[in-house]
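Down below is the structure, laid out as structure tokens.
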């Protein structure tokens, strides 16, 4: 097991009616920028709950954050921050809104020429505006980590950055918000969280039994509760378990001291950037390809995954490996997500383009063992075409 330092300062307010309690976490004299996406929070009552809670505060609004938050849109917020001397951000939405708020928080205090350098050149940030979160869609885990993914439409680039300075001060998680979500967003959320766990689990043995068992517990919970939420979004307990699973999947706990992969995400981001396919849908496409092409390096953990998650055992290991992949695909498709490039009308020419883009950017020799090079990226996409 590797040496590690784990630190998480986000305060979680979990349960019914917690939006009303969030002001205890916000400074009394804060000048707040309320950041959200489309109009869904206007129709499901969340906007009213948030603004009622903020009645004693000076706050301004910034709306229109896209499902894949864009650099261009985020940069528009900086003028409001300067104009109204904003010193606290409140993100009300899913992972896209939270990611946008994190980038805005960092960009507002960035001293370089272009805040895009935070993502393109991994520029470190020295300061950021503090932010809080009211989560409306469990999926990305962004409510309890310092990660953010932003798309620059001009370049068709989707890149990420991470900093403890953009860790939310608090996050409100009320499972009741899931009652009115579109079913595709519920399905995306389950698959997104599932693959987050896989990226930190399906690598190679590290004698990290606690982390493995925690990861397996999250996977099993998602498999059990995801279909229940999809069937009945007013099942509070199923929603609560699914929501907490998504948060725990990427808050650092199961990653502590273990190897991590993230190949599926890196390739998936390329598909989203080029074809606007939902993030979770790209993961459902790519992960089975990663499992297939990299099964030699991941052999021991895939066999463990097969037995502990799907109950698959047998003397023929090759059969067990394939059955584990097949069962993973079947789960994604049972949630309503397609798992091949052709299902999204993505042409074969995209494979060459993705390989070229990743090679030119230096995003090769990736994965837990740095074994995923140009040939492997191509094969991963080809087996999912």
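The values are calculated or read from the model by the stated rules, or taken from the named source; none is laboratory data. Quick caveat, the model's predicted, so the values are computed rather than measured. For neighbour counting, all protein chains shown are included, and Cβ atoms are generated from backbone atoms with ideal geometry for every residue, glycine included.
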### Residue list for the stretch 313-332, filter: without any contact (Cβ under 8 Å) to a residue 12 or more places away in the chain and either closer than 13 Å to residue 281 by Cβ or outside any helix (DSSP H, G or I) (or both)
313, 314, 315, 316
### Odd one out for residue 200 among (1) in contact with a helix residue (DSSP H, G or I) (Cβ under 7 Å, 6 or more places away or on another chain); (2) not in a helix (DSSP H, G or I)
(2)
### Query
Scanning for something out of contact with any helix residue (DSSP H, G or I) (no Cβ under 9 Å at 6 or more places or on another chain), assigned to a loop (DSSP other than H, G, I, E, B) and at pLDDT below 95, does the stretch 364-385 turn up at least one residue?
no
### Task
Hey, could you check the stretch 52-77 for residues that are in a helix (DSSP H, G or I) and surrounded by fewer than 15 Cβ atoms within 10 Å (Cβ to Cβ) and say which is farthest from the chain's Cα centre (by Cα)?
52
### Query
Are there any pairs, at least 6 apart or on different chains, whose C-beta atoms fall under 9 Å, with the first in the stretch 71-100 and without any contact (Cβ under 8 Å) to a residue 12 or more places away in the chain and the second assigned to a strand (DSSP E or B), and if so, which?
83/60
### Message
I want to confirm something. Restricting to the stretch 29-47 and keeping residues that are assigned to a loop (DSSP other than H, G, I, E, B) and touching a residue at least 60 places away in the same chain (Cβ under 8 Å), which single residue is nearest to residue 100 (Cα to Cα)?
### Response
37
### Task
Could you identify the single residue in 115, 138 that is crowded, with 22+ Cβ neighbours inside 10 Å, part of a loop (DSSP other than H, G, I, E, B) and more than 17 Å from the chain's Cα centre (by Cα)?
115
### Task
Report the residue count in the stretch 141-162 for those that are touching a residue at least 60 places away in the same chain (Cβ under 8 Å), in contact with a helix residue (DSSP H, G or I) (Cβ under 8 Å, 6 or more places away or on another chain) and assigned to a loop (DSSP other than H, G, I, E, B).
4
### Message
Going through 364, 351 one at a time, which residue ends up being without any contact (Cβ under 8 Å) to a residue 40 or more places away in the chain, touching a strand residue (DSSP E or B) at 6+ places or on another chain (Cβ under 8 Å) and surrounded by 15 or more Cβ atoms within 10 Å (Cβ to Cβ)?
### Response
364
### Message
Of the residues 133, 98, only one is in a strand (DSSP E or B) and buried (at least 23 other Cβ atoms within 10 Å of the Cβ); which?
### Response
133
### Query
Does residue 218 count as surrounded by 19 or more Cβ atoms within 10 Å (Cβ to Cβ), free of Cβ contacts under 8 Å to residues at least 40 places away in the same chain and under 24 Å from residue 278 (Cα atoms)?
yes
### Task
State which residue is nearest to residue 286 (Cα to Cα) when the search covers only the stretch 247-262 and only residues that are crowded, with 21+ Cβ neighbours inside 10 Å and touching a strand residue (DSSP E or B) at 6+ places or on another chain (Cβ under 9 Å).
261
### Query
Of the residues 184, 223, 198, which is surrounded by fewer than 21 Cβ atoms within 10 Å (Cβ to Cβ), within 16 Å of the chain's Cα centre (by Cα) and touching a residue at least 40 places away in the same chain (Cβ under 8 Å)?
184
#### Entry: Matching residues in the stretch 271-281 - criterion: being in a helix (DSSP H, G or I), over 11 Å from residue 346 (Cα atoms) and out of contact with any strand residue (DSSP E or B) (no Cβ under 6 Å at 6 or more places or on another chain)
279, 280, 281
### Query
Does the stretch 263-294 hold any residues that are touching a helix residue (DSSP H, G or I) at 6+ places or on another chain (Cβ under 7 Å) and surrounded by fewer than 18 Cβ atoms within 10 Å (Cβ to Cβ), and which are they?
274, 275, 292
